[in-house]
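Have a look at this one.
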Amino acid sequence: MDWYGKPSIELFQKFPLFSGLPREALAGLVARTKVLRLAPRQFLFHKGDPGDALYIVVQGEIQIGVITKDGRQVSFAQLRPGQIFGEIAVFDDGPRTADASAVSESVVLSLGRKDVLNYLDEYPSHAVRMIGTLCQRVRSADQLIEDLLFMSLPARVAKCLLALCDLQPNAALPVTVRISQQDLADQMSVSRESINRLLSKWEQADVVALSRGHITIKARHALETYSSE
């Protein structure tokens, strides 16, 4: 892993949720923060587990989803550095509503439920930021449901690849994004075979190039067309 640092005030200041806090407040949070390192596909928690902590992604990528009764994995979100998760159970003291696992080698910071609630009691204005994060999560879930109901598979895959492309620091084509066909299938709630057939067709059309664990976007305009069909 690349990140071998320790929690620090400077690190917390980079997170939107904690930016603007006095250094003494950040120092208290830093002192109570744990660092967790996850291997690819290692689970951090499972649906139904006690919600005893909030997490912040520092490195890598965390997948939030569930496993269906027939054994399929359905992905709700892919979280990247700077994003928080696990906050729902922290607020309502209920069990985890989904699984969280590492897509790649990842590092997350963990803040205990009691420490988070004490922090919000002391700085209530920052509760609005966390509520905003919750609202974004609900909006994303609503959009996911709408996409599943009304968009074709090619449109959904194109939309996902465009979103991953936009996250890259340099979006000049070609852009290579790190996602396996299985992970993409999990996000789309379809079989890997369906994704492979679609991507192979796009590769023949010189829209994308495929390699192990990566997809290179070569023709963004084509994906934009597919996403609107």
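Rule-based calculations on the coordinates, nothing more; no lab input. Just so it is clear, the model here is predicted, and its values are computed rather than measured. Every residue, glycine among them, receives a Cβ derived from its backbone with ideal geometry; neighbour counts consider all protein chains shown.
Which value, in debye to the nearest 20, gives the size of the charge dipole of the range 106-229 about its Cα centre, when Lys and Arg are +1 and Asp and Glu are -1 at the Cβ?
In debye, rounded to 20, the range 106-229 gives about 220.
Placing +1 on the Cβ of each Lys and Arg and -1 on the Cβ of each Asp and Glu in the range 36-153, which of Gln136, Ala39, Ser75 has its Cα farthest towards the positive end of the resulting dipole?
Going by the charge dipole, the pick is Ala39.
Let me ask another. Working from Cα positions, state the angle (0 to 90°, nearest 10) between the long axis of helix 153-166 and the longest principal axis of the chain.
In the chain, helix 153-166 runs at an angle near 50 degrees to the longest axis.
Counting Lys and Arg as +1 and Asp and Glu as -1, each charge on the Cβ, what is the dipole of the range 9-149 about the Cα centre in debye, to the nearest 20?
Here the size comes out at about 280 debye.
What FRET efficiency, computed as 1/(1 + (r/R0)^6) with R0 = 35 Å and r the Cβ-Cβ distance, is obtained for Thr176 and Val35, rounded to the nearest 0.05?
The calculated FRET efficiency here is 0.75.
Full-extension gain between Ser228 and Lys14, please, as 0.36 nm times their residue separation minus the C-alpha to C-alpha distance.
Length difference between fully extended and current span is 73.5 nm.
Per 5 Å bin, what percent of the C-alpha pairs of the range 43-165 does each bin hold, from zero upward?
Histogramming the range 43-165 at 5 Å steps yields 2, 10, 17, 23, 21, 14, 8, 4, 1, 0 percent.
Another question, if that's okay. Name the residues whose placed amide hydrogens come within less than 5 Å of the amide hydrogen of Val103, ignoring near sequence neighbours (fewer than 5 apart) on the same chain.
When sequence neighbours closer than 5 places are left aside, the close amide H contacts are Arg41, Glu61, Ile62, Gln63.
How big is the convex hull of the Cα atoms of the chain, per residue, in Å³?
Considering the Cα atoms of the chain, their hull volume per residue is 133 Å³.
State the volume of the convex hull built on the alpha-carbon positions of the range 151-227, expressed per residue in Å³ and rounded to an integer.
77
Also, quick follow-up: Show me, for the range 120-131, the HN-Hα J-couplings you get by feeding each phi into the Karplus relation (A = 6.51, B = -1.76, C = 1.60, θ = phi - 60°), rounded to Hz, glycine and proline as x.
Result, ordered by residue: 6, 5, 7, 10, x, 4, 7, 5, 4, 4, 5, 4 Hz.
Once you keep just the Cα pairs under 8 angstrom separated by 6 or more residues, what percentage relative contact order results for the chain?
Relative CO of the chain lands at 19 percent.
Going by amide H atoms built from the backbone, whose H comes under 5 Å of the H on Val175, apart from near neighbours?
Amide H to amide H, under 5 Å and 5 or more residues apart or across chains, Val175 pairs with Ile217.
Additional query: Under a straight-distance cross-link criterion of Cα-Cα below 20 Å, which lysines are reachable from Lys69, leaving out those fewer than 8 residues away in the same chain?
By straight Cα distance, Lys69 reaches Lys47.
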